[in-house]
Amino acid sequence: MEFQPIIDDIAAVLAAERGAGRVASYIPALARVDPAQFGIALCTGDGRVCAAGDADVPFSIQSISKLFSLALAMRHVGDALWQRIGREPSGNPFNSLVQLEWEQGVPRNPFINAGAIAVADRLVSACPDARATLLAMVGSLCGEAVAFDEEVAASEAATGFRNIALANFMRSFGKIDNDVDTVLDLYFHQCSVAMSCVQLARATAFLCRDGAHPLDGSTVVTERQARRLNALMLTCGTYDAAGEFAFRIGLPCKSGVGGGIVAVVPDRLSLCVWSPGLDQTGNSLLGMRALEMFAARTGLSVF
Ligand code: GLU
């Protein structure tokens, strides 16, 4: 299939709607992002990249980072990871404390904040320098160095009262082993990583290649782990809109409040769309529209 004309057309159709939605405003670095930007990029399993719009502009990957930290934790911790983290959609806001109390400090899934903080704790235990290890893994996957945005990381830390509460709460249940500040430092930094659509499409291509590294073919995660990552994206990857994403798009997706959404067509391609304006569920409004158009025009879906 020839994908370039399809994504060119999607970018052209959505040009009239650039600026729709509301940009995340909880930290200044996100609040000042120009809402009129839109980018789309895809990477096929055999490494061909197509891009349109603002596909080379770096943005804050935010919760998309939870994919990479989970992949790294699966690699280092294996199935023991699931002693501390569930695999069910939460049905509650991504930063909810209530459910965590009922469920004795075991987060519902690795993509809500509590789950991602629990994953960060496992990484701090497993890696002598987890921040550097995570950054090196993401850089290796996309074939270019990537960096933390220290302004964003500092703002996340300065305003992350709920995440701080979640981490301490889990610690009180004995579900966090490491110093809470160290764990949160990793979490806030992973959220701050800046990447473009092209970089993210490349970096997530291991998910459409049964876990094989997009550039050197080495094992990033096993085939079974890649399948599980895709399953978790489909059921839990888009805040409280996973049902709507499955219904309208039918692909495993992971979104972030920076306006990025990564989608995977297993065994075919990975895709990243970005537009900073969010809908009321916290997902990129135009990003979701673009993915819906892509699935409709290509007929690609897991269903
Ligand atoms: N960094 C923010 C937080 O942890 C938002 C992450 C996101 O959902 O994209 O609360």
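The values are calculated or read from the model by the stated rules, or taken from the named source; none is laboratory data. Model, not experiment: these values are computed from the prediction. All Cβ positions, glycine included, derive from the backbone under ideal geometry; neighbour counts span all protein chains shown. Quick note on the areas: whole protein, heavy atoms, side chains included, nothing else; ligands and nucleic acids left out. Shrake-Rupley method; radii C 1.70, N 1.55, O 1.52, S 1.80 Å.
List of remarks:
- Filter result for the condition that a residue is in contact with a Gly (Cβ under 6 Å, 6 or more places away or on another chain) and open to solvent by 10 Å² or more (accessible area, probe 1.4 Å), over R209, R289, R224, R228: R209
- Under the condition of being assigned to a helix (DSSP H, G or I), touching a residue at least 40 places away in the same chain (Cβ under 8 Å) and open to solvent by 50 Å² or more (accessible area, probe 1.4 Å), the residues counted in the range 101-146 number 4.
- For the range 64-93, a tally of residues being open to solvent by 10 Å² or more (accessible area, probe 1.4 Å) and farther than 16 Å from V106 by Cα returns 4.
- Residue pairs whose Cβ atoms lie under 8 Å apart, sitting 6 or more positions apart in sequence or on different chains, and linking a residue in the range 19-31 that is more than 16 Å from T281 (Cβ to Cβ) to a partner that is more than 14 Å from the ligand (Cβ to nearest atom) and open to solvent by 30 Å² or more (accessible area, probe 1.4 Å), are G19/P35; G19/A36.
- When A153 is tested against (1) open to solvent by less than 10 Å² (accessible area, probe 1.4 Å); (2) under 27 Å from G78 (Cβ atoms), exactly one condition is not met: (2).
- Selection from the range 9-48 of residues that are of a type in the set (A, V, I, L, M) and surrounded by fewer than 16 Cβ atoms within 10 Å (Cβ to Cβ): A12, V13, A15, A16, A31, A36
- Among residues of the range 193-205 that are at negative phi, those with a beta-carbon under 6 Å from a residue that is of a type outside the set (A, V, I, L, M, F, W, C) and open to solvent by less than 10 Å² (accessible area, probe 1.4 Å) at least six positions away or on a different chain give the pairs V193/S65; C197/G39; A201/S270; T204/S270; A205/S270.
- Any chance G53 is open to solvent by 10 Å² or more (accessible area, probe 1.4 Å), in contact with an Asp or Glu (Cβ under 8 Å, 6 or more places away or on another chain) and either within 16 Å of the ligand (Cβ to nearest atom) or not hydroxyl-bearing (S, T, Y) (or both): no
- Residues of the range 159-192 that are open to solvent by 10 Å² or more (accessible area, probe 1.4 Å), within 11 Å of the ligand (Cβ to nearest atom) and assigned to a loop (DSSP other than H, G, I, E, B): none at all.
- Only listed residue being of a type in the set (A, V, I, L, M), closer than 20 Å to E156 by Cα, out of contact with any Phe, Trp or Tyr (no Cβ under 6 Å at 6 or more places or on another chain) and part of a loop (DSSP other than H, G, I, E, B), chosen from A36, A24: A24
- Filter result for I40 (of a type in the set (A, V, I, L, M, F, W, C), within 20 Å of V257 (Cα to Cα) and in contact with a strand residue (DSSP E or B) (Cβ under 6 Å, 6 or more places away or on another chain)): yes
- Enumerated helices (runs of 4 or more DSSP H) restricted to the range 197-258, each holding at least 2 residues that are within 13 Å of the chain's Cα centre (by Cα): 197-203, 223-236
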